[in-house]
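The values are calculated or read from the model by the stated rules, or taken from the named source; none is laboratory data. Bear in mind the structure is a predicted one, so any value in this text is a computation, not a measurement. Every residue, glycine among them, receives a Cβ derived from its backbone with ideal geometry; neighbour counts consider all protein chains shown. Areas reflect the complete protein model, heavy atoms only, side chains present, ligands, DNA and RNA absent. Shrake-Rupley method; radii C 1.70, N 1.55, O 1.52, S 1.80 Å.
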Amino acid sequence: MKVLVAQPKLVEQVHEAIVSEISSGKLKPGERIIQEQIAQVLGVSRQPVQQALLLLRKQGVLRDAPGRGLIVASLDLDQVRNMYDIRAVMEGLAFRKAAERNAARAKKQGPALIQNGRKAVAGGSVASMIAADLKLHDFIYELSENPLIAPTMEAQWTYTQRVMGEVLMRGELPRDIWDQHEAMLDAVMAGDGPAAEALARQHITLAAEVMISRLRSEGTVSAEDTAGASA
């Protein structure tokens, strides 16, 4: 973690920093969260850390520790499955509207995001791969010109990062994901709404199948969060 500069959205910055630590495996399931330690490392007061931790608890990323305090929660298979069901519908809508409303802008700005994603995969950094993925989807939400999509998806992205992090750390890098992203973007750039929606839904459905299968086989879901609880 790096020291943060105080800004109006400091709670969001602290939230993002903690999620990044969990997604990259630096904070593991069952590990106790030390509020004072996080505040010291990030160079902020305890208040924004406390608010960020409460939000993460609400989002299912953290849970109450035995006795008191919070620990990193294990992934819940049902929540993962339900999350991808919602994402398939919302991503399909976003890509269809982006194609219908902003094909020209997609042509101008989209290819750089694909290139950035492929570069992140080649570099092997989990944090960079997740960040590149988020940037592309945020771009599509913006192109959709539906102001309800981004805030609706924001709550899902926190848990999505957890799942992506767990899978990416297994060593099998999903290099074909950016081939799928490129095909989705091509449909948007062509102004083909139905194709963009269909490809986006397929992309999310395939991602769900792969991630749920890997998580189940590795035993990273539905496990007791006991490791590190008494640390």
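Listing for the model above:
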item	result
Rounded accessible area per residue of the chain, 1.4 Å, Å²	50 Å²
More than 27 Å apart - percent of Cα-Cα pairs taken over the chain	36 percent
Cβ-placed point charges (K, R +1; D, E -1), dipole of the stretch 114-156 about Cα centre in debye, nearest 20	280 debye
C-alpha center-to-center spacing [the stretch 6-37, the stretch 177-203] in angstrom	33 Å
Listed residue (Leu148, Ser217, Asn82) projecting farthest to the positive dipole end of the chain, Cβ model	Leu148
Packing rank of 41-50, 199-208, where each peptide gets the mean count of other beta carbons within 10 Å, highest leading	199-208, 41-50
Expected 222 nm ellipticity per residue - DSSP helices of 4 or more, -39500 (n - 2.57), all of the chain, to 500	-23000 deg cm²/dmol
Dipole in debye (nearest 20) - the stretch 27-178, about Cα centre, beta carbon charges: Lys, Arg +1; Asp, Glu -1	280 debye
The chain, accessible surface, carbon-and-sulfur percent (1.4 angstrom probe)	51 percent
Convex hull of Cα atoms in the stretch 1-118, direction-averaged projection (nm²)	9.9 nm²
